[in-house]
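The values are calculated or read from the model by the stated rules, or taken from the named source; none is laboratory data. Fair warning: this is a prediction, and the values are worked out from it, not measured in the lab. Every residue, glycine among them, receives a Cβ derived from its backbone with ideal geometry; neighbour counts consider all protein chains shown.
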Amino acid sequence: MSQTIHCTSCNADSVARGVQDLIDRHTNEHGRFCCARCGGTDTFLDVPRRAGAPRAGETWPRGIVPIDTKTRDSAYAPFVFLLADAPDGEISGIAFKYYRPAPSNGGKAKRGNRAGGGPALTQSQMLALVARLAKIGVVSRADWRAFVHNNDARAS
Ligand SMILES: [Zn+2]
């Protein structure tokens, strides 16, 4: 399914052929969506929305991070959208998703949902995701250190 990235700087729409294309060709090193015309990241994924003013809890995907690129050839590849609470907002959350990659032999991706619903992550995938989110600045290293430290203090 094609995906459209809207740029608020130059008002251009960039179209990706699907999630794999979004990841491969439409993001920068921080996972942020790039405009195909101006190269900027004043962008968000244009998803269908109800008309009118934004509602509480409404989010705008402004980037995408694959959780484990080794899963490319597997039936289900997990990823997260980087979410902001406004089209020009900072990244303030993530949404877990998965997609079904097209087989590397050039066949078509199968349709359908994974049994049991959303993405299921292994422990190494969880840790890899947290490391990646820290690296691209979605979670600061200081916040992450404080979290681990405070959690250790509570546990003892
Ligand atoms: Zn642009």
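Among the residues of region 37-52, those identified as assigned to a loop (DSSP other than H, G, I, E, B) and modelled with pLDDT of 95 or more are 37, 38, 39, 40, 41, 42.
Here are 146, 95: which of them is out of contact with any Gly (no Cβ under 8 Å at 6 or more places or on another chain), within 30 Å of residue 52 (Cα to Cα) and modelled with pLDDT of 90 or more? Steps first, please.
Working: 146 fails: within 30 Å of residue 52 (Cα to Cα).
Within the list 146, 95, the selection yields 95.
Restricting region 1-36 to residues that are in a strand (DSSP E or B) and among the polar types (S, T, N, Q) leaves a set whose member that is farthest from residue 48 (Cα to Cα) is 27. Residue 50 - would you say it is farther than 21 Å from residue 130 by Cα and either surrounded by 13 or more Cβ atoms within 10 Å (Cβ to Cβ) or within 17 Å of the chain's Cα centre (by Cα) (or both)? In short, no. Summed over region 5-45, residues that are more than 13 Å from the ligand (Cβ to nearest atom) and in contact (Cβ under 8 Å) with a residue 24 or more places away in the chain total 10.
In the set 100, 62, only one residue is at pLDDT 80 or above, surrounded by fewer than 20 Cβ atoms within 10 Å (Cβ to Cβ) and either within 19 Å of residue 27 (Cα to Cα) or among the basic types (Lys, Arg) (or both); that residue is 100. Scanning region 104-132 for residues that are surrounded by 14 or more Cβ atoms within 10 Å (Cβ to Cβ) and either at pLDDT below 85 or of a type in the set (S, T, N, Q) (or both) gives 109, 125.
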